[in-house]
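Below is one structure; the comments refer to it alone.
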């Protein structure tokens, strides 16, 4: 997967760029499908990275008990 090494911040930045392109009408219908797929992949990356962080925080909380 081309997104496996991307950071959360990079994924969010790219999603912001895509949103701006969509809002400004700068994406052609021909490219829309690939942009949607890229966006879905970036959202998955963010979800996974947040889930990992939540798990680490939970483990840190368990260590203090």
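The values are calculated or read from the model by the stated rules, or taken from the named source; none is laboratory data. Just so it is clear, the model here is predicted, and its values are computed rather than measured. Glycine also receives a Cβ, built like all others from the backbone with ideal geometry; neighbour counts cover every protein chain displayed.
Things to note:
- Selection count where residues are farther than 22 Å from residue 7 by Cα and part of a helix (DSSP H, G or I), scope segment 21-58: 7
- Taking (1) modelled with pLDDT under 95; (2) touching a helix residue (DSSP H, G or I) at 6+ places or on another chain (Cβ under 7 Å) in turn, residue 35 satisfies each apart from (1).
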